[in-house]
Amino acid sequence: MCGIVGYIGNQDAKEILLKGLEKLEYRGYDSAGIAVRDNSQVHVFKAKGRIADLRAVVDASVSANTGIGHTRWATHGVPSHDNAHPHQSTAGRFTLVHNGVIENYSILKREYLEGTAFVSETDTEVIVQLIEKFANEGMETEEAFRQTLKLLKGSYALALLDEQNDETIFVAKNKSPLLVGTGSDFNVVASDAMAMLQVTDQYVELMDKEMVIVTKNDVTIKTLDGTVVERSPYKAELDASDIEKGTYPHYMLKEIDEQPLVIRKIIQKYQDEQGSLQIDQNILDAVTSSDRVYIIACGTSYHAGLVGKQLLEQMAKIPVEVHVASEFGYNMPLLPEKPLFIFISQSGETADSRAVLVAVKELGHKALTITNVQGSTLSREADYTLLLHAGPEIAVASTKAYTAQIAVLSILAHVAAASKGEAESMNLVKELGIVANAMEVLCDSKEEMDYIAREYLSFTRNAFFIGRGIDYYVGLEGALKLKEISYIQAEGFAGGELKHGTIALIEEGTPVVAIATQENVNLSIRGNVKEVAARGANPCIISMKGLDTDEDRFVIPAVHDLLSPLVSVVPLQLIAYYAALHRDCDVDKPRNLAKSVTVE
Ligand code: M6R
């Protein structure tokens, strides 16, 4: 969701910015732009659509060593050339890119900018106009910028150029992610380290309500009251090859295929020298001493949280509630004395989850974040972090992060169970090894998945995914995968619940994917399949070896029943992938979606 880049140094800024924006494409966007400063002036190029469209309008003859760039995911105003960033002040002196939402922009417009002619519908334009207003009143740019920041309510990551100062990019952040990358004779700005890995792997984290003066040779961080903050850069542990597709046609397919490797990596990362699984003692204490765990997450991470509840309750005997982040803040349940909050987030930047984290920290509760991104906002602001070690996930549709989240939750549940003296339910290292092997078998079954997708989904307008217990949760994830990349209306349902209303939607040929991996509900889910089949549905049963029957369409290898989501989700990911391909959809960048949802 919106991406920012900036460069100041000696090289061709245009190309560095455009390449950086290409690396941020995965976040989701609908227009893009750059502003570069040559010897005399700032040149702005913008386009609705893809970076390729922007490239087509950039004047190759402009030679500049400083610039800022932006990918916009529309919030205030439709995707258009005028609403695309960068935005300029009326006199053209200031040029700004912004990620986030300014909640009080109409009040600011009314109170400070009466008579100003706005060219866009964005909240962002208010910021750049305010800066110019304060500069016109005699303030130095840094002061005008600071004064403006003090008036803003909401979230922002900002990068600003001043036509009268060719040596500086002014930067600020509140709630939206932003990093400053450092190099020799140059510095950069980026929403995430991936964008500028082409030039540096050294990054300085920025905290909320900080502003930064970035020149070619210096990075000066200040608080809004002007106090200078010293902070050393860290090395981004990213390999440039991790963010390339290689020979794969899509990131999503690559990331699905990476899952066995990720599971093996997680086992290794969480093993001590003796080969036992271990979790930091402070985290264990927090989990085992809490009277109830609250898992907070969105989308796919929420679905992983539902499986996590089963793992923590069944293995460690700890009561767990799972909540959608965007609802929890407004509907907070009565909390017990010692709740522990677990935030699950691939990106670690999801604004809905972060809003809950801020609220529960204010109430004095402890929080653990399970994330793929070290140093992300949710990781920094929680008391504890467990990393997924899944490597960058670029495709908007989350796949390997989901299975990594479940694997890490299973390790947390397992070690917590041991520390509470609960009887060991399985040899988890061995069972996760079996899972990784089973995933490999499934990743080798692509032709079959392609066939199933063609048979059931390529020409349908809707589809249902049903299961019971843990299979129901996997069904929710299978439905989300299908709808987000193929635009088929897909819903996940508890097998027994369909007949209470939704079965009215079953028509001749409606695909119903049923997941059957749990012995205790095997007969009942098959009964639910019969109910829909009797009303014309086209059932596709995906079962687990040992529970399978002749009517099943696909049988996954047997794994421990509590770990079955790690395996049963793989065919659903692949079916969604092939259905999207058959329907000519943009698999990695589905319409309307953003990878990292940084607005509430
Ligand atoms: O980065 P997060 O895990 O916090 O993101 C949460 C959701 O936005 C994310 O899982 C989303 O649902 C994915 N597009 C699903 O594929």
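The values are calculated or read from the model by the stated rules, or taken from the named source; none is laboratory data. Here the structure is a predicted model, which is why all the values come from computation and not from measurement. Virtual Cβ from ideal backbone geometry, glycine too; neighbours counted across all protein chains shown. These accessible areas exclude ligands, DNA and RNA; they are computed on the full protein's heavy atoms, side chains included. Shrake-Rupley method; radii C 1.70, N 1.55, O 1.52, S 1.80 Å.
So if I check each of Tyr451, Tyr473, which one is part of a helix (DSSP H, G or I) and either buried (at least 16 other Cβ atoms within 10 Å of the Cβ) or in contact with a Ser or Thr (Cβ under 9 Å, 6 or more places away or on another chain) (or both)?
Just a single option satisfies the conditions, and that option is Tyr473.
Within segment 354-364, does at least one residue satisfy the condition of being within 12 Å of the ligand (Cβ to nearest atom) and among the basic types (Lys, Arg)?
yes
Name the one entry in Ala74, Ala64 that is small (Gly, Ala, Ser), touching a residue at least 40 places away in the same chain (Cβ under 8 Å) and within 11 Å of Ala35 (Cα to Cα).
Ala64
How many residues are out of contact with any Phe, Trp or Tyr (no Cβ under 9 Å at 6 or more places or on another chain) and either at pLDDT below 95 or in a loop (DSSP other than H, G, I, E, B) (or both) if we restrict to segment 554-591?
Number of matching residues: 6.
Looking only at segment 481-527, which residues are in contact (Cβ under 8 Å) with a residue 40 or more places away in the chain and in contact with a strand residue (DSSP E or B) (Cβ under 6 Å, 6 or more places away or on another chain)?
Leu482, Ile488, Gly509, Pro511, Val512, Val513, Ala514, Ile515, Ala516, Thr517, Ile525
Looking at segment 539-552, can you tell me whether even one residue there is outside the structural domain of Leu306 (by TED's automatic domain parsing), assigned to a helix (DSSP H, G or I) and open to solvent by 10 Å² or more (accessible area, probe 1.4 Å)?
no
Which of (1) under 27 Å from the mean Cα position of the chain (by Cα); (2) surrounded by fewer than 21 Cβ atoms within 10 Å (Cβ to Cβ) is the odd one out, the single condition His87 does not satisfy?
With (1) under 27 Å from the mean Cα position of the chain (by Cα); (2) surrounded by fewer than 21 Cβ atoms within 10 Å (Cβ to Cβ) applied to His87, the lone miss is (2).
Looking at segment 365-381, which of the residues that are open to solvent by 10 Å² or more (accessible area, probe 1.4 Å) and within 13 Å of the ligand (Cβ to nearest atom) is nearest to Leu334 (Cα to Cα)?
Ser379
Do we have any residue at all in segment 134-149 that's over 30 Å from Gly348 (Cα atoms), in contact (Cβ under 8 Å) with a residue 40 or more places away in the chain, charged (D, E, K, R) and in a strand (DSSP E or B)?
no
Consider only pairs whose beta carbons are under 8 Å apart and that are at least six residues apart or on different chains; among these, list those whose first residue lies in segment 164-175 and is under 13 Å from Ile131 (Cα atoms) and whose second residue is polar (S, T, N, Q).
Hits for this filter: Phe170/Thr141.
Hand me the list of helices (runs of 4 or more DSSP H) wholly inside segment 298-396 holding 3 or more residues that are under 30 Å from Glu244 (Cβ atoms) and at pLDDT 95 or above.
Correct list: 299-316.
Every residue in segment 232-241 that is open to solvent by 70 Å² or more (accessible area, probe 1.4 Å) and either under 26 Å from Lys150 (Cα atoms) or part of a loop (DSSP other than H, G, I, E, B) (or both), please.
Ser232, Glu237, Asp239
Give the residues of segment 153-176 that are open to solvent by less than 10 Å² (accessible area, probe 1.4 Å) and in a loop (DSSP other than H, G, I, E, B), sorted by residue number.
Selection gives Ser176 alone.
Find the residue count for segment 307-349, including only residues that are away from the ligand (no atom under 16 Å from the Cβ) and open to solvent by 20 Å² or more (accessible area, probe 1.4 Å).
16
So in segment 187-209, with the set limited to residues that are touching a Lys or Arg at 6+ places or on another chain (Cβ under 6 Å) and open to solvent by less than 30 Å² (accessible area, probe 1.4 Å), which one is modelled with the lowest pLDDT?
The residue in question is Met194.
Criterion first (over 26 Å from the mean Cα position of the chain (by Cα) and within 30 Å of Leu428 (Cβ to Cβ)) does Gln281 satisfy it?
Spelling it out, Gln281 is indeed over 26 Å from the mean Cα position of the chain (by Cα) and within 30 Å of Leu428 (Cβ to Cβ).
I'm trying to understand the selection: among the residues of segment 384-414, which are buried (at least 24 other Cβ atoms within 10 Å of the Cβ) and away from the ligand (no atom under 16 Å from the Cβ)?
If the condition is that a residue be buried (at least 24 other Cβ atoms within 10 Å of the Cβ) and away from the ligand (no atom under 16 Å from the Cβ), then Ser410, Leu412, Ala413, His414 are the ones that fit.
When only residues in segment 285-306 that are open to solvent by less than 10 Å² (accessible area, probe 1.4 Å) and more than 16 Å from the ligand (Cβ to nearest atom) count, which is nearest to the chain's Cα centre (by Cα)?
Val293
If you take the residues of segment 127-152 that are buried (at least 24 other Cβ atoms within 10 Å of the Cβ) and of a type in the set (A, V, I, L, M, F, W, C), which of them is nearest to Val42 (Cα to Cα)?
Top of the filtered list is Val128.
Please pick out the residue among Lys483, Lys530, Lys499 that is in a helix (DSSP H, G or I), open to solvent by 50 Å² or more (accessible area, probe 1.4 Å) and within 16 Å of the ligand (Cβ to nearest atom).
Every option except Lys483 fails the conditions.
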